[in-house]
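Structure first, then comments.
The values are calculated or read from the model by the stated rules, or taken from the named source; none is laboratory data. Just so we're clear, the structure is a prediction, and the values are computed from it rather than from any experiment. Glycine gets a Cβ as well: all are built from the backbone with ideal geometry, and neighbour counts include every protein chain shown. These area figures cover heavy atoms from the full protein model, side chains too; ligands, DNA and RNA do not enter into them. Shrake-Rupley method; radii C 1.70, N 1.55, O 1.52, S 1.80 Å.
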Amino acid sequence: MEELVGGPAPGVEHDAETRELRVTLTAPAHVTATALWAVPVPPDPVPHTVALLDTTLPAGRHAIPVPRDVPAQGAFAAVRVDDRTSVVRLGAAPRPAARGTAGGALPAPEPVSTRLPWEAPGSRAS
């Protein structure tokens, strides 16, 4: 919500090749960075987070390494610079898998009835 109302934190970038977040500050600021992702464990995904940084940094360009245990796909980083926050994607979104299938065709749908179970065709409702 903060990013929509106050605008994103300025000077926040992600370099996927070096797996670093880069923050450029024009003045000293308190910076927090958190990586977020989910691991698909049926029936629901399990969320994971790891704190990357929580400190005051001087003006200048700073690199925040993203640990190897943060997946390259489907992860995000929330970077807060003082009172403004940016969220960046750390990699491509994973392709969703259909539930209950292993690459095969989906089963044919079952017919749907709009009648109540006690209403037989041709009977009159009271």
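Test Thr32 against the stated conditions and say whether it is open to solvent by less than 50 Å² (accessible area, probe 1.4 Å) and modelled with pLDDT of 90 or more. Full working, then the answer.
Numbers: open to solvent by less than 50 Å² (accessible area, probe 1.4 Å): yes; modelled with pLDDT of 90 or more: yes.
Judged against the criteria, Thr32 is a match.
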Residues of segment 80-101 satisfying the condition of being at pLDDT 90 or above and hydroxyl-bearing (Ser, Thr, Tyr): Thr85, Ser86
Any chance segment 45-63 includes a residue that's of a type in the set (S, T, N, Q), open to solvent by less than 80 Å² (accessible area, probe 1.4 Å) and modelled with pLDDT under 95? no
Show the residue pairs meeting these rules: Cβ distance below 7 Å; 6+ apart or different chains; first residue within segment 14-40 and at positive phi; second residue open to solvent by 50 Å² or more (accessible area, probe 1.4 Å) and part of a strand (DSSP E or B). Arg19/Pro65
Does segment 13-21 contain any residue that is at pLDDT 90 or above, buried (at least 17 other Cβ atoms within 10 Å of the Cβ) and of a type in the set (A, V, I, L, M)? yes
